[in-house]
1. Looking only at strands (runs of 3 or more DSSP E) that lie completely in the stretch 36-84, which have at least 2 residues being hydrophobic (A, V, I, L, M, F, W, C) and at pLDDT 95 or above?
2. Provide a single number: the residues in the stretch 56-109 that are within 11 Å of residue 35 (Cα to Cα) and of a type in the set (A, V, I, L, M, F, W, C).
3. Only one residue in 87, 100 is among the charged types (D, E, K, R) and out of contact with any strand residue (DSSP E or B) (no Cβ under 7 Å at 6 or more places or on another chain), so which one is that?
4. Looking at (1) in contact with a Lys or Arg (Cβ under 6 Å, 6 or more places away or on another chain); (2) of a type in the set (Ser, Thr, Tyr); (3) not in a strand (DSSP E or B), which is the only condition residue 91 fails?
5. If a residue has to be in contact (Cβ under 8 Å) with a residue 12 or more places away in the chain and either buried (at least 17 other Cβ atoms within 10 Å of the Cβ) or within 13 Å of the chain's Cα centre (by Cα) (or both) to count, how many in the stretch 54-100 make the cut?
6. For the subset of the stretch 27-53 comprising residues that are among the hydroxyl-bearing types (Ser, Thr, Tyr) and open to solvent by less than 70 Å² (accessible area, probe 1.4 Å), which member is farthest from residue 92 (Cα to Cα)?
7. Residues in the stretch 101-117 that are at pLDDT 95 or above, open to solvent by 90 Å² or more (accessible area, probe 1.4 Å) and either touching a Lys or Arg at 6+ places or on another chain (Cβ under 9 Å) or not in a loop (DSSP other than H, G, I, E, B) (or both): how many?
8. Within the stretch 1-25, can you find the residues that are part of a loop (DSSP other than H, G, I, E, B) and either within 20 Å of residue 100 (Cβ to Cβ) or among the aliphatic types (A, V, I, L, M) (or both)?
Amino acid sequence: QVRLIESGGGLVQAGDSLRLPCVASGGAFSTYAMGWFRQAPGKERDPVAVISASGDPKYYVKGRFTISRDNAKNTVYLQMNSVKPEDAAVYLCGAATTIDDSRYDTWGQGTQVTVSS
């Protein structure tokens, strides 16, 4: 069973940079599409960026965020630059572990990002 653990969140000021790692254990990480999602209070969980098993990224937040993966470390990263107050949310890491790589079926518990203006 795959387990995902996110870290790196915290309180930052608007304009700062932040890197969120998500470490996977117990599965075949290199074969999974991975993604970062976020959920603000009272809102739905939205995708931020995803990366295929072969390393191709797709962004839903354009221009400021970068997703990457290190298969040797079973880790996917989200680099957040020039953060804005509207980026404040719980950031969750997801894995698509089935043959349908668009269906994210495994989740971490999330890491809170708070942005002060």
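1. 46-51, 65-70, 75-80
2. Result for the stretch 56-109: 8.
3. 100
4. (3)
5. Number satisfying all stated conditions: 26.
6. 30
7. 1
8. Of everything in the stretch 1-25, those that are part of a loop (DSSP other than H, G, I, E, B) and either within 20 Å of residue 100 (Cβ to Cβ) or among the aliphatic types (A, V, I, L, M) (or both) turn out to be 1, 2, 14.
The values are calculated or read from the model by the stated rules, or taken from the named source; none is laboratory data. Computed from a prediction, not measured in an experiment: that's the story for all the values here. With ideal geometry, Cβ positions are generated from the backbone for all residues, glycine too; neighbour counts draw on all protein chains shown. Just the protein is used for accessible areas: all its heavy atoms, side chains included, with ligands, DNA and RNA removed. Shrake-Rupley method; radii C 1.70, N 1.55, O 1.52, S 1.80 Å.
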